[in-house]
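S.K.: Below is the structure I would like to discuss, written out as structure tokens.
The values are calculated or read from the model by the stated rules, or taken from the named source; none is laboratory data. What you see is a predicted model; the values in this text were computed from it and never measured. No Cβ is skipped: glycine too gets one built from the backbone with ideal geometry, and neighbour counts run over all protein chains shown.
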């Protein structure tokens, strides 16, 4: 009879231990999931309206500032569309040439150079756009905006980059700032 009760006790003990282990693992998983600091950033592959709402929220824009941001966004978007279409057309020409039996490499280089020139125009447009956006912001908002831009650069930067390695040093480091 003792053997029967020992087996029965062992089985119950194993069941209880398995249940406790599962509960422990579940609690650890839940705590880890809640603690995870998901990166805040603009919505990925979202429309301009979601990005606008994100900026309004993160920068605490007033209604006037939000309206100015919308106007600047529309102006920027319309000025860049033509250049983006031209880049797409040039890239298509390069890809189509890849399937030709005899392609002219000098023509490919010219097309690639044109892509570069147009991409440079887009970068200058983007810079000008951000300069215009900054003019709408107060000092505190400009600081937040700068952090957001650096975070964005880090997110879209090359893989393996050290977090924060693309950040600029403070403009006016205090007397306690470390110098490397």
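S.K.: Can you find a residue in the stretch 69-81 that is at pLDDT below 90, part of a helix (DSSP H, G or I) and loosely packed, with under 11 Cβ neighbours inside 10 Å?
M.R.: Yes, the stretch 69-81 contains at least one residue that is at pLDDT below 90, part of a helix (DSSP H, G or I) and loosely packed, with under 11 Cβ neighbours inside 10 Å.
S.K.: Do we have any residue at all in the stretch 30-48 that's modelled with pLDDT of 75 or more, over 28 Å from residue 135 (Cβ atoms) and under 42 Å from the mean Cα position of the chain (by Cα)? Let's see the steps before the verdict.
M.R.: Kept after step one, since they are modelled with pLDDT of 75 or more, are these residues of the stretch 30-48: 30.
Still in the list and also over 28 Å from residue 135 (Cβ atoms): 30.
From what is left, the residues that are under 42 Å from the mean Cα position of the chain (by Cα) are 30.
Within the stretch 30-48, one or more residues are modelled with pLDDT of 75 or more, over 28 Å from residue 135 (Cβ atoms) and under 42 Å from the mean Cα position of the chain (by Cα).
S.K.: Taking the stretch 93-142 as the region of interest, how many residues are touching a helix residue (DSSP H, G or I) at 6+ places or on another chain (Cβ under 7 Å), outside any helix (DSSP H, G or I) and closer than 30 Å to residue 59 by Cβ?
M.R.: 1
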